[in-house]
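Input: a single structure, listed below in structure tokens.
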Amino acid sequence: MPDPYIPQQIEPKWQKRWEEDRLYRSVIDPNKPKHYALTMLPYPSGDLHIGHWYAMAPSDVRARYMRMRGYNVLFPMGFDAFGLPAENAAIERGIHPYQWTMANIEKMRRQLKSMGAMFDWEREAITCLPGYYRWTQWFFRKMYDMGLAYRKRAPVDFCPKCNTTLAREQVWGPDRVCERCGTPVIKKELEQWFWRITAYTEELLDFSRIDWPERVVAMQINWVGKSIGANVTFRTERGDPLVVFTTRPDTLWGTTFMVLAPEHPLVDELTAPEYREAVEEYKYFAARQSEIDRLSTEKEKTGLFIGAYAINPVNDERIPIWISDYVLMTYGTGAIMAVPAHDDRDFAFALKFGLPVIPVIDRPDGAARSFVRTGSVREGFAEALAEAGFPTEARNDGFYVSIPGTQADSLHHYIALAREYVRPEAWVEVVGGPWLFVFADGVLSVDSLENERRILERCQQLDPTARECRTVAEMLWRIRSYRGFLFHAEYGPMINSGPLTGTPGDVAVQKTTEWLAERGVGEFTVNYKLRDWCISRQRYWGAPIPIVYCDRCGIVPVPYEDLPVMLPTDAVIPPTGENALKYHEGFLHTTCPQCGGPATRETDTMDTFVCSSWYQYAYLSPYYKEGEPAHADSIPFDPEEGKYWLPVDVYTGGIEHATMHLIYTRFFTKVMRDMGLVDFDEPMTVLRNQGIILGEDGEKMSKSRGNVVAPDDLVERYGTDTVRAYLMFGWRWSQGGPWDSMGIEGVYRWLHRVWNLVLEPGSAGFQPASPKEIADLRRWTHRTIQRVTEDLENFNFNTVVSGLMEFTNALQKAKETAVYGTEAWEEAIETLLLLLAPCCPHIAEELWVRTGRPYSIHQQPWPEYNPELAAEEIITLVVQINGKVRARLEVPADITEEAAKEAALADPAIQRHIAGKKVRKIVYVPGRLVSIVV
RNA sequence: GGGGCGGUGGCGGAACGGUAGACGCCGGGGACUUAAAAUCCUCUGUCCGCAAGGACGUGCGGGUUCGAAUCCCGCCCGCCCCACCA
């Protein structure tokens, strides 16, 4: 009997040995193809949780697999070490952010090492060290020189009591209060630094060169938010140009009012004196409201008429100008033309505030409805409609008529009938694409503001209840059946649109834009949601922005040679969380690099996303040229390393970074390309995301729920190899799912079985193994190589483990037969260990060495599979009758079609099923099945 | 509202358009043991049947096909992201 499998003994032993032997040191080797595998670096919170393991362990498995495949693999690790929690710890526990961070890194590095991953620790990079942030600042300086960095005023969340700006996560709850003191947060305008990421917008939309998950691509496209349309110039009555952006210039003739963002610069000038007070009040309301109610979906529209009018350039209609918080100053031009007939927001606004609606796009389906009030038509109308084939539906006070869009003339036909029957003191309206009012003396269309008014007045004369209505739309809205017909946002033929009436829907936007351009009142325009990246943070624990303010010279960038601008380590964090740099005299005061006069430093530090935007380059040569002065033409990493390793081949990590981090790092790489630092466009060729491990109860893991799974405990109990294998086996990696404390037991049992399989002697037979037995065993071996290889290629980690389990089960059975001890048996065991090595590196190494094989298994080549050996000799041929499986035949793999069909038809079960029926057709799929149709 | 991902046994999940449910967990039965744990063997989608065998079965409804979990159309449900973006 061998000694039992005790992972707690063998795992630390091998980890120590591998480290001593520098087994995972990655060094440039021009004779090998390179593979840069990167997994997202953690924030040093102080504890490595199961989510980190889930992300990193399978990534390590794949990196190890690539290494065995003969690649020279770089798989580095580091820490994203600047950020808010360190400042909080400083305030709560009186420990300096630096000490807190470095102590956490110490602990997490130990935890990471317990994973047994092949991280090259000699390339570790910690973003909060001067040797790292010197280059972060260097990038700022380069951006500045390239005209990609600029300063402008922008709002920040500010706590008036703590006198400090707040990060997004420091603002709590729907009331938006300060996390420390509970004071309602206000907006404050500050001068801040921005990077011109928008200079790369179009390029960021190009994913043709990278293999990234569909959903990440979708999220980034959505984030960039490209809209194609036109800028159209309206004029105020005074003559000021008022430009709006619209994606639907084809609806211009339906503009019945304009809406400006409350912060729009023209609002103050345009507001009529008698509205001024109300407008000021609304602006204040909007400034608060947009913050408080950002989350509510069905927000009631609010707004205010400012007493001014604009002229629609296409038809000279005079339209009122409103302000409302549903128009954002930060998008487009901060002003819109409102077309309530074809935009749901404008429609809701118009309905609420009694603004007219003019339809200008026909319905694509051409359908219409009409409500015929009792007494509004002469006798016989219903019968005439029935005869003409119009479907009707009775109601208490009349009946509805559905006018189908299928026949071209049905609308005209209906109107002709209605005119014939309508009584002089009443009317019949038709609501479809156009809205038509049939009076005894003629038909009026809601095709202009003037006609809208005229129709409304006439209806109000005829029907006293209509006098409550401010607009035709409001009157029609009262009739339920019309509601779905009063607004639509589809493309369709233009109607009521002056010279462009009749333009088909598929060319309407283009034709209108051209028409506007010819007249000089509009132009083709593209708009994006993406804004420039505000990198300023009013925080201490970050990389200082290398800028100096001089009374004489103004804004002066710190010279390259003077970098890094050191973050003072003796700063005291105020209990309010305010930026300690503002009070650090030694940091604050400096001399101007240009004139030598007194100057002050920028106290803002950089967003931590800046640090993580280039870390994959830092790993190439961490803290490159520390202590040597930098220059404008420096390179922040060893160019030889860069030339060999870049770009990243496979990047793994959580989907939560789909937008910010993964857009910023793409931006960085494109800037670096334009600087001449790299010669590629995208930082990471392949991206794969893992899912999230939930608590055993299916909920998100959290301390308050008490459902947190601690990896350290698991390692102590089962060993790292079991944890690694279970994280691969338990779920589809990209999906994740609830933790299962029983499931991991199954994996633990499996590794015990592997241990015993390899070390316990089998019962060698007295007879030699038959050729068939040998072939069967070798088939198992080579099929398993094939499966496991393919699954690792495709990140299908769960089936890698299940494949190895099946192989183990098969070997368990074979062990009791004559094949035990044969060459084929040794091949099988050796293969099992090699295939196991990436997943469970410790047990694989232990068994490898114990069975007399040369250390280290991790330096062995990945086994090749032989397709001939993997091929089946005997296959199961399925016989279907009318698609149902009726028999399974064991036949030689190379059976001919005729022989297969013959065998199928000869089978007694098949005979029974086709007895008395006529065989119409036989489909043969080689190696698979015979399908008989009767 | 827009976009993405998903829906298969009691559970996690397998399945180039071709044997649905591999592998593992849970559960049943058995061996070993004074006993338990561990380990090993074995059964395990549902229904009918003593059995042989048969019927049903991948969220729902259609379609394509000799054959659909897989492809197409229309729905329903869940999760995630974005969201008054003109």
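The values are calculated or read from the model by the stated rules, or taken from the named source; none is laboratory data. Since this is a predicted model, take the numbers as computed values, not measurements. Positions of Cβ are generated from backbone atoms using ideal geometry, with glycine treated the same way; all protein chains shown enter the neighbour counts. Side chains are part of the model used for accessible areas, which takes the heavy atoms of the whole protein and leaves out ligands, DNA and RNA. Shrake-Rupley method; radii C 1.70, N 1.55, O 1.52, S 1.80 Å.
Here are some notes:
- Relative packing of peptides A:227-233, A:304-310 - highest average C-beta neighbours within 10 Å first: A:304-310, A:227-233
- Each residue of the stretch A:187-201 is assigned a 3J(HN,Hα), and the resulting list reads 8, 10, 8, 10, 6, 9, 8, 10, 10, 7, 5, 5, 5, 10, 3 Hz, derived from the Karplus form 6.51 cos²θ - 1.76 cosθ + 1.60 (θ = phi - 60°), x at Gly and Pro.
- Here the stretch A:368-427 is described by how far its Cα atoms reach on the three principal axes: 31, 22, 18 Å, from widest to narrowest.
- Candidate lysines - alpha carbon under 23 Å from A:LYS670, same-chain residues fewer than 8 apart omitted: A:LYS34, A:LYS142, A:LYS226, A:LYS529, A:LYS643
- Cα centroid of the stretch A:121-140 to Cα centroid of the stretch A:14-93, whole Å: 16 Å
- Cα-Cα over 26 Å, subset of A:LYS187/A:LYS582; A:LYS188/A:LYS283; A:LYS16/A:LYS107; A:LYS13/A:LYS107; A:LYS188/A:LYS703: A:LYS188/A:LYS703
- For the pair the stretch A:406-475 / the stretch A:536-574, the C-alpha centres are spaced 70 Å from each other.
- Note: relative contact order over the stretch A:1-130, using C-alpha pairs below 8 Å and six or more positions apart, is 33 percent.
- Paramagnetic label zone (point 7 Å from Cα along Cα-to-C-beta, A:GLN8; backbone N under 19 Å) in the stretch A:114-147: A:114-116
- Simple spin-label estimate for A:ILE95 and A:GLU716 gives 1.9 nm between the two label positions (7 Å along the Cα-to-Cβ direction from each Cα).
- Apportionment of accessible area to carbon and sulfur, chain A, percent (1.4 Å): 51 percent
- Sum of side-chain charges, A:GLU585 neighbourhood, beta-carbon under 15 Å (Lys, Arg +1; Asp, Glu -1): +1
- Estimated inter-spin distance, A:LEU462 and A:ASN794, nm [label 7 Å along Cα→Cβ]: 6.8 nm
- Short-range pairs are left out: with C-alpha atoms under 8 Å and at least six residues apart, the relative contact order of chain A is 14 percent.
- Normalised per residue, the accessible area of the stretch A:562-636 is 42 Å², obtained with a 1.4 Å probe and no contribution from ligands, DNA or RNA.
- Solvent exposure of the stretch A:822-934, expressed per residue, is 52 Å² of accessible area, with all protein chains present and a 1.4 angstrom probe.
- Charge dipole of chain A about the Cα centre (unit charges at C-beta), most positive-ward option of A:GLN616, A:VAL243, A:THR256: A:GLN616
- Between the listed residues A:MET475, A:ILE495, A:PHE485, the Cα displaced farthest toward the positive end of the dipole of the stretch A:462-503, a dipole computed from Cβ unit charges relative to the Cα centre, is found at A:MET475.
- Under the Karplus curve 6.51 cos²θ - 1.76 cosθ + 1.60, θ = phi - 60°, whole-Hz ³J(HN,Hα) for the stretch A:259-266, x wherever Gly or Pro sits: 10, 10, 5, x, 8, 4, x, 7
- Packing order of peptides A:604-613, A:792-801, A:261-270, highest average first: A:604-613, A:792-801, A:261-270 (average count of other Cβ atoms within 10 Å over each peptide's residues).
- Computed extension gain for A:ASP409 through A:ALA388, at 0.36 nm per residue and net of the alpha carbon distance, reaches 6.4 nm.
- Leading residue at positive end of dipole, chain A (Cβ point charges), from A:LEU148, A:THR720, A:ILE922: A:ILE922
- Vicinal HN-Hα couplings computed from phi for the stretch A:830-845 (Karplus, 6.51 cos²θ - 1.76 cosθ + 1.60; Hz; Gly/Pro x): 4, 5, 4, 5, 5, 5, 7, 4, x, 6, 10, x, 7, 5, 5, 5
- Counting Lys and Arg as +1 and Asp and Glu as -1 over every other residue whose Cβ lies under 13 Å from the Cβ of A:ALA632, the net charge comes to -2.
- Using the Cβ-Cβ distance between A:GLU827 and A:ARG373 with R0 set to 60 Å, the FRET efficiency from 1/(1 + (r/R0)^6) comes to roughly 0.10.
- Most to least packed among A:147-153, A:511-517 [average Cβ atoms within 10 Å]: A:511-517, A:147-153
- Accessible area per residue for the stretch A:64-215, computed on protein heavy atoms with a 1.4 Å probe, is 41 Å².
- Taking all Cα pairs closer than 8 Å and separated by 6 or more residues, the relative contact order of the stretch A:334-458 comes to 25 percent.
- Only Lys, Arg (+1) and Asp, Glu (-1) charged, at Cβ; chain A dipole about Cα centre in debye: 1100 debye
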